[in-house]
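Working notes, structure below.
Derivation of every value follows stated rules applied to the coordinates shown; laboratory data play no part. Please read these numbers as outputs of a predicted model, since none were measured by experiment. Every residue, glycine as well, gets a Cβ built from its backbone with ideal geometry; the counts of neighbours run over all protein chains shown.
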Amino acid sequence: MTRAFSLDKRMILAIAFVSSLALATRTHATPGPADTPVPVTPIHASAIQVGPIQADEVKLPAEFQMAMYEHVVEEIGKTNRFQHVYRDGDHDASSAADLVTLHCTVTGFKQGSAEKRQVTSVAGKTSITVHLLFTDKDGKTLFNHDVEGKVQFFGENLRATYNFSKRVADVVKTDFTPASSKK
């Protein structure tokens, strides 16, 4: 009886620990003086414009930068949260009254090795850390997130860009209402 209780107690502690890790990894730190909290209710917007991937402080290969951008545009489109997903420089975006712009700034990059990943599971990890900033049409910050894309076990290094775009799509799904429920 005590063994079963002890196992249940450990399971509860493990769930609590994993939950706290999940909350801790969804950071909302702004580069400014104050934090921008995640919206309590999802945001209504009919369109989003994806700005270029900025990597000023971090040396990021061009193929990673291009792949990240293309994957993000594609994955945001798949979320069905917006009627239009605009690329940077698309002049049609200015006609959207409730346009949201996504700014992505690479804050960390570690290029691993697919060869090392095939040999061992503890070496060769590729990771990309990016600060996401969502702004309204006037440039006012709506909210922000830090997101990591990685390839740890199998796959080529560029797979981290796809993993990153999936994380961006998860943020969009959580913080924006579906296109069909727009007011």
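Worth pointing out:
- Here the 3J(HN,Hα) profile of segment 77-84, calculated from phi with Karplus coefficients 6.51, -1.76 and 1.60 at θ = phi - 60°, is x, 5, 6, 6, 8, 9, 6, 9 Hz, Gly and Pro shown as x.
- Exceeding the 22 Å Cα-Cα cut-off - candidates Lys110/Lys137; Lys59/Lys150; Lys110/Lys140: Lys110/Lys137; Lys110/Lys140
- With neighbours defined as other Cβ atoms within 10 Å of a residue's Cβ, the residues Ser165, Ser46, Ser94 order from fewest to most as Ser94, Ser46, Ser165.
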